[in-house]
Amino acid sequence: MAQNFHGGSIYQGLGSYANELFVNDLGFVCDKEEFEKSEVQEHLSIDGNMLVPGFRDTHSHPLFAGREAQGLDITHIHSLDELGAKLRIYRNENPQLIWLDAAVYDRAMEGNLTRHSLDAFVSDIPVVLHADDHHTLWCNTKALEVAGLMGAPLPVLSSGRIDVDQQGIPTGMLREWPAMSLVMDLAPASTLQQDVVALLWAESQLIQHGIVQCQDAWIDRGMAEVYIEAAKQGLLRLEYSLAFRADVTTFQNDFEYFLSLRQELGQSQLLKAQAIKFFVDGVFGSATASVSEAYLSSNSFGELIWSENQLVEAISLSHENGFQVHIHAIGDAGVAFALKSLATASPCPRGLEPVIAHAELTTKDLLIAAKAQRINLCMQPYWAQNNGMLLSCRDHLGDSRLNSLYAIRDMIRAGINVSFSSDWPVSTPSVLNGIAVAVYRKGAAEMEAHNPTQAISLEQAIDAYTVASCRLLGKDQTGTLTIGQPFDATLIDRNLKQEDLDGFLSAKVLATYKVGKNLLV
Ligand SMILES: [Zn+2]
């Protein structure tokens, strides 16, 4: 059936609007002539709403989000008392539980966030709480005990930290994956089928937010298998690019595995082994991102997880084997280190220019270098607001650095391909909320705008979730609603051109089209 959309705002991408749009029987955008040749025609008024190209989230963690949703939800808890009540009730209601996993706690919560405070709520089984930055794990004593972290010399970590008290005994806070994994590797594994259920739940969330394609930016052993299984069962509806996480200690061994999984993934049209993901530094919230000027809180410069030689070698191996490189770099020194290593390594495969994700603290010179090296930047616009997550970094960074973060407008003006993403479950998968903050630099009317000179237009924000995402992923498609392109589109329940911040924040997706088919019915 051919379709004709009219009667509202139709944004085709790259600044162009159309009065109406035609889609052929195969689900591709076509001209009026071709539409009229179709035997079955449907005329659809969009009732003054807005139709835009389908969103593509280039850095998200749907499987983690799905797994997290299967555990205990502590997202909206803001006091220790409330948290304690919730954990106690959950434990009592689930006597068979052997491990209690909950997410996510607010790092700005008042009180002593130690193992002792968790022990007071639940002490007979391991309890692990994930922080809202997803780089911090808060454990009770039992969890530390099973990981062998109580009463023995602590392991030396490649990066990250086990917080200790004055006696050198762990407090319960583990920072960054090398520390967190000491406990998390012991968590009871979910079954493949449980993981498939988690993934499909996550996919339904993505579809509700108008997303047609997603890059899972952290694939460890056992995760690609979930995508493959869901595809085999014919249950997947969206396209996924997967980025395998490179671990500095096991990279050489893991690489063989990445290659074999790539083969398997290639058998599904919806799946692609796209990239190798590197973490070069940490996060601002734990003062672990690599910075050129010391943190005010610790007088340290954060940490670099790879040595330059190691990183150059690993990037070269990835490039030579046809992988894109996707680098987590948050501090300015982290971004500089990534750029320098990329410049030294073997050239990237054609059309798969490297990605630097987050790039929260940048300078003009770094942006000039990124442009010259044809780097894609993958940004999370939702973070560019004065919320708890940002303000918890103030003591570390100081006001002037904090206020200069997320220089999105400068990045676009420098000519860099800037793609947007959510980093879900670190923050909401809602693309419309991401667009709202990109345009208004705040997430609520009463907030003070963050670094407002870096605000961008609605069209630029949509392009960053569509056109720029296609470019980043090296797709043949352009991410626009133009003739010959698949009709991958999102229908929004209002015309955002006429809305203020509140209108943006309350907007909803009415339809998510993938090659002409609405997935939201
Ligand atoms: Zn991420």
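Packing order of peptides 272-278, 56-62, 400-406, highest average first: 56-62, 272-278, 400-406 (average count of other Cβ atoms within 10 Å over each peptide's residues). DSSP finds beta bridges in the chain, and of those with both partners inside it, around 40 percent are antiparallel.
Determine, from the Cβ-Cβ distance of ILE368 and ALA108 and an R0 of 30 Å, the FRET efficiency 1/(1 + (r/R0)^6), rounded to the nearest 0.05. Let's see the in-between values first.
Numbers: r = 36 Å, r/R0 = 1.19.
So the FRET efficiency works out to roughly 0.25.
A crude spin-label estimate for the pair SER346 and TYR257, with each label 7 Å from Cα along the Cβ direction, gives 2.2 nm.
Please report the net charge: other residues with Cβ closer than 14 Å to the Cβ of ASP476, K and R +1, D and E -1. Value of the local net charge: +3. Length gained on full extension, ASP500 to VAL156: 118.7 nm, using 0.36 nm per residue less the C-alpha separation. With 0.36 nm allotted per residue and the present C-alpha distance subtracted, the TRP99-SER117 stretch has 4.8 nm of extension available. Computed from point charges on the beta carbon alone (+1 for Lys and Arg, -1 for Asp and Glu), the dipole magnitude for the chain about its Cα centre is near 560 Debye.
Summed over the residues of the chain and divided among them, the accessible surface reaches 40 Å² per residue at a probe radius of 1.4 Å.
Once the Cβ-Cβ distance between ASP124 and ALA294 is put in as r, and R0 is 60 Å, what FRET efficiency do you end up with, to the nearest 0.05? Could the numbers behind the result be given before it?
Working: r = 43 Å, r/R0 = 0.71.
The formula returns an efficiency of 0.90 here.
For helix 251-265, what angle does its Cα long axis make with the longest principal axis of the chain, in degrees from 0 to 90 and rounded to 10? Helix 251-265 sits at roughly 30 degrees to that axis.
Adding -39500 (n - 2.57) for every DSSP H run of four residues or longer, then dividing by how many residues the chain holds, sets the calculated 222 nm ellipticity at -9000 deg cm²/dmol.
Carbon and sulfur atoms: what percent of the 1.4 Å accessible area of region 253-329 do they account for?
Numbers: 1380 of 3100 Å².
With neighbouring chains kept in place, the figure for region 253-329 is 45 percent.
The values are calculated or read from the model by the stated rules, or taken from the named source; none is laboratory data. Being a predicted model, the structure only gives us computed values, none of them experimental. Cβ sites come from the backbone with ideal geometry, for glycine too, and all protein chains shown count toward neighbours. The accessibility values were calculated without ligands, DNA or RNA, using every heavy atom of the protein model including side chains. Shrake-Rupley method; radii C 1.70, N 1.55, O 1.52, S 1.80 Å.
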